[in-house]
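> What follows is a structure written as structure tokens; I'll ask about it next.
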Amino acid sequence: MSIPNKYFDLSNGTFSVKGVPLLSEVPTNVSFSPFSSICQSSDAPLPLLQRLLSLSHKGGFLGFSKDEPSDRLMNSLGSFTGRDFLSIFRFKTWWSTMWVGNSGSDLQMETQWVQFDVPEISSYAIIIPIIEGGFRSALHPGSDGHVMICAESGSTQVKASNFDAIAYVHVSDNPYNLMKEAYSALRVHLNTFRLLEEKTVPNIVNKFGWCTWDAFYLTVEPAGIWHGVNDFVEGGVSPRFLIIDDGWQSINLDGENPNEDTKNLVLGGTQMTARLHRLDECEKFRKYKGGSMLGPDAPSFDPKKPKMLISKAIELEHAEKDRDKAIQSGVTDLSGFEAKILKFKQELNEMFGGEESSNVSSQEGCGSCSCKAETYGMKAFTRDLRAKFKGLDDIYVWHALCGAWGGVRPGSTHLSAKVVPCKVSPGLDGSMTDLAVVKIIEGGIGLVHPDQSEDFYDSMHSYLAKVGITGVKVDVIHTLEYVSEEYGGRVELAKAYYKGLTSSISKNFKGNGLISSMQHCNDFFFLGTNQISIGRVGDDFWFQDPNGDPMGVYWLQGVHMIHCAYNSMWMGQIIQPDWDMFQSDHLCAKFHAGSRAICGGPVYVSDSVGGHDFDLIKKLVYPDGTIPKCQHFALPTRDCLFKNPLFDQKTILKIWNFNKYGGVIGAFNCQGAGWDPKEQRIKGYSHSYKPMSTTVQISDIEWDQKIEAAQMGNAEAYIVYLSEAQELLFVTHESDAIQATIQPSSFEIFSFVPVEKLGPSIKFAPIGLTNMFNNGGAIQELEYINCDSGAENNKSVKIKVKGDGNFLAYSNASPKECYLNGAEVAFEWLAIASANGGKLTLNLPWVEEAGGISDVAFVF
């Protein structure tokens, strides 16, 4: 059909945008409908509705019809070749990443969206598979350039044959506006989620935190946590939030005593068939005695112990893998393998010894419930943590969406739970082999009936809130699609569960105390984010390759950054992107730190006790545990959108962001690994792991993406500071692009600060603190005082700077005077040829009483 505004046209087997063919060979059973004809009502705020109304002609819906109803339907939307695209696809059940190509056949299975470059009209177009009725959809590759759409319900009892709006299309002359406008349209149309702009993010986004996962894995216990937090405080960086990750819950395996916790768990994987048998903390936390860590006889903690346990558990895991490979190879005599496994298990158990009963207390209270509640357990522990560590604002704990990895054990709680076998959609056949999936399929999910979802989450969360927990990290989110057969399909099951989760976080955790994880699929984003406002945008931080490539310790880190940067394009419309933790003593810790500094989200680490690089952390974090956070979420620059910065041997990942008084570009050499479509896994590409060159210029920053930044984009000139090279450059819009060569697993951060004229001759630009990766994030307030009289001695600059260390500014002439917190102080000014002026430096103290903020004034 032909659309009057001529933005889109579907006729004679061709789908065109502004007259340019986007898809050819479109089947006759495919339909296009303008946005206004499908979307009729919404609860979206009026300003959002009005904004969308003015843009509605730029979007519409694709549908298709079949003769026979089915629970899973596949249909071509047409074909394209020779047109560059950027896409996001699920490489695991839980995680998505970017992919580029130039044909419909280049797409990967379970593609969540595809953006096209349409240079003929200087525009960009996007196709987003969405939800209609009880069906969700994804894009798949077809033969001969065809784009296939798969609509599936997740239940053989839920069938359909006709769809009017199973995918959304949109066009814009700006790729970032394209994402913003398209997801705004879907928010209004679907009415099942809210945009990030409509929600309040939790306070942790502005702070530094510690997560226990890589420090302990499943061996986490109170004494270790206590010593871990104390490490940071003594090192001069106080965590403002703590995430007690997997390992604190009461879980056991089918066949074990239903009232006892499974003992001696260490690595992720061993717990994935276990289920919750009670909704509160496990025995090692229940036995914590209030005050025991505060007194002079506080239990000691050996920081080597978790590392020794983890090392031995890895040996055991490798031995089990060797046995499994032998079985697959047809080996019949497994006695040698079994003997080795038994030996490692015995050694592991001996290393645990009586640890679980002697960590903090061998008692569990006097027998009185009220005594236990107040004197023992998680409540006593969180109370002691806050008594000792005054800046610890938030304590979160981990749980899976279904409770534990294996759900809830039937009959163990007041909830109606049933072990449901898992059925994986054929759409995930193209995803990477994943231990979590293998284990969950092996054990099934102990699913609480969806009618009880509100009771389920409130029972867990109300208890946690009472014992001092302020939020949760909800993981393993996309298991629901495995178990939806008997529950009305994946859309209806998800709606029921997310309704319960939303209700509970609103009631128990201030409406936003939840970090979502393992959630990279459109079901979650379209159905689960009405209240959730922050979530992980990348797969886990892997400190080494679990598949054994020794170079993985390097290349996996670049892969992580690519996940986060490109996923933020769509996820950032709906939730605050969280780039995950890392370890500050990792070989590539600085590489990670550079990206976290400008990602615009929280900064947290998962350091082992005693395993810290405090000098590195202090380049990210103020002494009070807050961070110099950027004003937006980081996104790839335009010249990276249709490139592959992982293994094309030429593209450096560049991400842009804003500070209050400048813009920033981070250039990261992520080359050396990536997705292999044939092997269906992420692997190393060693030939790409080498130095790469790139260019950086003012226009790489998308100044118009934030109202407050737009004016900065129109400055006549800028000072650029390179944080790693420690160089100052003076540039204008007419200047040649800055050339840079970046080593593998290395980076450079370019801070762009508009140059201000003070009278006819003085030029000035504040850079910030050079001892912080995000220099400009330290500048809180900036005021130029420029007298109308033109008298040189009346020109001054007043700056509020947070943090201590080396303050740097550009000025083309030396100031007459400098004042720090009202007192005149000495400063240094040094002429720099590359900057057409000089650099002005001053050392700033941390004044606790002023919240670390210094008042700086220069008089010219």
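> Can you compute the FRET efficiency between Leu294 and Lys798 using 1/(1 + (r/R0)^6), with r the Cβ-Cβ distance and R0 = 56 Å? Round to the nearest 0.05. Don't skip to the answer; put the middle values down first.
Values: r = 45 Å, r/R0 = 0.80.
For Leu294 and Lys798, the calculated efficiency is 0.80.
> Given contacts defined as C-alpha pairs under 8 Å and at least six residues apart, what's the relative contact order of the chain, whole-number percent?
Once divided by the residue count of the chain, the mean separation gives 10 percent.
> Magnitude of the Cβ-charge dipole of region 217-314, K/R +1 and D/E -1, about the Cα centre, nearest 20 debye? Before the final figure, lay out each step's value.
Details: 12 positive and 14 negative charges, 31 e Å.
Using Cβ point charges on Lys, Arg, Asp and Glu, region 217-314 gives about 140 debye.
> Treating only the Cα positions of region 111-206 as identical point scatterers, give the base-10 log of I(q)/I(0) from the Debye formula at each q in 0.14, 0.23 Å⁻¹.
After summing over all Cα pairs, the log10 values are -0.67, -1.21.
> Just the projected area, averaged over all directions, of the convex hull on the alpha carbon atoms of region 11-146: how many nm²?
Values: hull surface 39.5 nm².
Over all viewing directions, region 11-146 projects a mean Cα-hull area of 9.9 nm².
> I would also like to ask the following. If eta is 1.567 mPa s and T is 4 °C, what Stokes-Einstein diffusion coefficient results for region 84-159, Kirkwood Rh from Cα pairs, in µm²/s?
98 µm²/s
> Sort 458-470, 813-825 for me by packing, meaning the mean count of neighbouring Cβ atoms within 10 Å per residue, highest on top.
My ranking of the peptides, most packed first, is 458-470, 813-825.
> Can you grab the distance from the C-alpha centre of region 377-399 to the C-alpha centre of region 721-791, Å, no decimals?
41 Å
> Taking N as the number of residues in region 138-291, what is its Cα Rg relative to 2.2 N^0.38 Å?
1.60
> Beta carbons within 10 angstrom, averaged per residue: use that to sort the peptides 306-317, 256-267, 775-786, highest first.
By packing density, highest mean first, the sequence is 775-786, 306-317, 256-267.
> Continuing with the same structure: Once the convex hull of the alpha carbons of region 685-772 is built, what does its volume come to per residue, in cubic angstrom?
Details: hull volume 11.5 nm³, N = 88.
Dividing the Cα hull volume of region 685-772 by its residues yields 131 Å³.
> Quick check for me: using +1 on Lys/Arg Cβ and -1 on Asp/Glu Cβ, what's the dipole size of region 673-798 about its Cα centre, in debye to the nearest 20?
440 debye
> Something else now. Over the chain, what percent of the accessible surface lies on carbon and sulfur atoms, probe 1.4 Å?
49 percent
> For region 738-860, how big is Rg over Rh, using alpha carbon atoms and the Kirkwood form of Rh?
When Rh is taken as the Kirkwood radius, the ratio is 0.99.
> Using the Cα atoms of region 392-475, I'd like the radius of gyration and the largest Cα-Cα distance, Dmax, both in angstrom.
Rg then Dmax for region 392-475, in Å: 15.1, 45.
> Right, here's the next one. Grab the eigenvalues of the alpha-carbon gyration tensor for region 245-289, scale each by 5, take roots, and send me the semi-axes largest first in whole angstrom. Numbers along the way, then the final one.
Numbers: eigenvalues 52, 34, 16 Å².
Computed over region 245-289, the values are 16, 13, 9 Å.
> Now for a different question. From the Cα trace of region 403-526, what convex hull volume per residue do you get, rounded to a whole Å³? Intermediate results must be reported in sequence, preceding the final value.
Numbers: hull volume 13.5 nm³, N = 124.
It comes to 109 Å³ per residue, whole-number rounded.
> Translational D (Stokes-Einstein, µm²/s) of the chain at 20 °C and 1.002 mPa s when Rh comes from the Kirkwood sum over C-alpha pairs?
Numbers: Rh = 28.7 Å.
Estimated diffusion coefficient is 75 µm²/s.
> What accessible area per residue comes out for the chain, rounded to a whole number of Å², with a 1.4 Å probe?
Averaged over the residues of the chain, the accessible area is 36 Å².
> Just report the Cα centroid separation between region 172-235 and region 41-112, whole Å.
Taking the Cα centre of region 41-112 as reference, the centre of region 172-235 is 25 Å away.
> Report, in listed order, any pair from Lys284/Lys473; Lys180/Lys619; Lys207/Lys643; Lys321/Lys690; Lys6/Lys495; Lys473/Lys660 with a Cα-Cα distance greater than 27 Å. List each step's numbers first, then the result.
Numbers: Lys284/Lys473 20 Å; Lys180/Lys619 32 Å; Lys207/Lys643 33 Å; Lys321/Lys690 33 Å; Lys6/Lys495 37 Å; Lys473/Lys660 30 Å.
Checking Cα-Cα distances, Lys180/Lys619; Lys207/Lys643; Lys321/Lys690; Lys6/Lys495; Lys473/Lys660 exceed 27 Å.
> Gain in length, Asp549 to Leu334, computed as 0.36 nm per residue apart minus the alpha-carbon separation, to one decimal in nm?
So the extension gain works out to 74.8 nm.
> Per residue, what volume in Å³ does the Cα convex hull of region 6-84 take up?
148 Å³
> Per Stokes-Einstein, at 4 °C and 1.567 mPa s, what whole-number D in µm² s⁻¹ belongs to region 522-658, with the Kirkwood radius over Cα pairs as the hydrodynamic radius?
82 µm²/s
The values are calculated or read from the model by the stated rules, or taken from the named source; none is laboratory data. The structure presented is a predicted model; accordingly, all values stated were derived computationally and were not measured. Virtual Cβ from ideal backbone geometry, glycine too; neighbours counted across all protein chains shown. In case anyone asks, the SASA skips ligands and DNA or RNA and just uses the protein heavy atoms, side chains included. Shrake-Rupley method; radii C 1.70, N 1.55, O 1.52, S 1.80 Å.
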